[in-house]
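First up is the structure itself, then whatever we jot down about it.
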Amino acid sequence: MFKVPPLAPQRLQKLLRAMPKAELHIHIEGSLEPELIFALAQRNGVPLPYASVEALRQAYAFTNLQSFLDIYYAGASVLLHEQDFYDMARAYLARAAMDNVAHAEIFFDPQTHTARGVAMEAVINGLHRACEDARAELGISATLILCFLRHLSEASAFETLEQAQPLLGKIVGVGLDSSEVGHPPEKFARVFARCRELGLHLVAHAGEEGPPAYIWSALDVLKVERIDHGVQAVHDAALMQRLAQDRIPLTVCPLSNQKLCVFPDLKDHNLRQLLDAGLCATVNSDDPAYFGGYINENFTQVFAATAMTARHAYQLAFNSFEASFASQADKRVWEHRLKEAFERFVEHD
Ligand code: HPA
Ligand code: ZN
């Protein structure tokens, strides 16, 4: 690997912000800022149980994943029309471009919307059009990953896949999210097998709050290519070895883990341990409007709290491109730009 000398802390923080990176774990509904929630509620005549933007923000005090999900699904209730999905994704992509995100693989939760009578076409077409326009206007690459809600049934996931079938050309893969504990990956074995036959990429949330056993079954039963979160893997030495050996990427979300009390203090976060064990870990924002920061905020805060180095920064950004579902040609271009960014910083230190 490219040799990276140490940098002074201020310089390293600047480099973290400036380096090109991919974001692989962002729920687009989790990028809805309170201001946009209120604007869309007004535009669509949807009543909200909060009096103001401030009152809504005040409610963002979470104790675990479920306490967050309850508010997150309430926030998503303002999304009704294709234009709403477009506006939400465009706002995220403009913000991500400011953080030097070269490529984003965006999760969306169609069941949250179809359950309210929103057509699958409105969801996917709105999000996809935003990705296309952002590529043309902002130079950012973006693709979509459809997530099944694991607290719902296998039948509901199959129905969702069927509704999405005519639009599969607009997504690159499927994932699994929502309430983890009590909903192991194997509940969706047959849906994921079908998605695999359809040539879709496969990912799943596992080991955020759930045990290492869920990471094993995501790998061996669902046959996923990446694990979302995965931070509980450190409790299973054999699993750590498997993840390192097969270079299975983990899409880690430090501020999410802090706000949902997985690691209440960021200084106890195990990102550095995962990297030092040779795992292909990456840094991501998960639900940036709810967890206090977009991707650069995740980088700068976790680096400040855990004293990671410029070498870790390079590895994390490199991993994000390696772990993406982009073409080999795109990956080489971004990796070259990454190396150039580091050389510039090192030369001027
Ligand atoms: N975990 C599970 N489901 C989610 C998350 C998460 O962090 N964010 C949005 N849906
Ligand atoms: Zn997530």
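The values are calculated or read from the model by the stated rules, or taken from the named source; none is laboratory data. Given the structure is predicted, the values throughout are model-derived calculations rather than measurements. Don't worry about glycine lacking a Cβ; one is built from the backbone with ideal geometry, like all the others, and counts go over all protein chains shown. Side chains are part of the model used for accessible areas, which takes the heavy atoms of the whole protein and leaves out ligands, DNA and RNA. Shrake-Rupley method; radii C 1.70, N 1.55, O 1.52, S 1.80 Å.
Note on the chain: with a GNM built from Cα contacts shorter than 10 Å, the maximum mean-square fluctuation among Leu338, Leu32, Leu127 falls on Leu338. Relative to the longest principal axis of the Cα atoms of the chain, the long axis of helix 120-138 makes an angle of roughly 40 degrees. For the chain, the longest principal axis of the Cα atoms and the long axis of helix 65-76 meet at an angle of about 60 degrees. Hey, what did segment 9-348 get for relative contact order, percent, Cα under 8 Å, at least 6 apart? It rounds to 21 percent for segment 9-348.
Ordering Leu176, Gln315, Tyr60 by Cα displacement along the dipole of the chain toward the positive end leaves Gln315 in first place; charges were set at the Cβ atoms of Lys, Arg (+1) and Asp, Glu (-1).
Within straight-line reach of Lys223, meaning a Cα separation under 28 Å, sit the following lysines at least 8 residues removed in sequence or on another chain: Lys21, Lys170, Lys187, Lys331.
Please work out the Cα center distance from segment 65-103 to segment 149-216, rounded to the nearest Å. Measuring centre to centre over Cα atoms gives 20 Å.
The HN-Hα couplings worked out from phi for segment 38-55 by the Karplus form 6.51 cos²θ - 1.76 cosθ + 1.60 (θ = phi - 60°) are 5, 5, 6, 4, 5, 4, 9, x, 9, x, 10, x, 10, 6, 7, 4, 5, 4 Hz, whole numbers, x standing for Gly and Pro.
I'd like the FRET efficiency for Ala238 and Glu347, computed as 1/(1 + (r/R0)^6) with the beta carbon distance as r and R0 of 56 Å, rounded to 0.05.
Numbers: r = 43 Å, r/R0 = 0.77.
Calculated transfer efficiency: 0.85.
Taking Cα atoms only, the orientation of helix 328-347 departs from the longest principal axis of the chain by about 50 degrees. Give the distance, in whole Å, between the Cα centre of segment 279-309 and the Cα centre of segment 238-262. Spelled out, the Cα-based centre of one part sits 13 Å from the other. At the residue level, Met240 shows approximately 20 square angstrom of accessible surface with a 1.4 angstrom probe and all protein chains present. Sort the chain into rounded, prolate or oblate with this rule: let a ≥ b ≥ c be the square roots of the eigenvalues of the Cα gyration tensor; rounded if a/c is under 1.5, and if a/c is not under 1.5, prolate when a/b is larger than b/c, oblate otherwise. Rounded shape, in that the Cα axes give a/c under 1.5.
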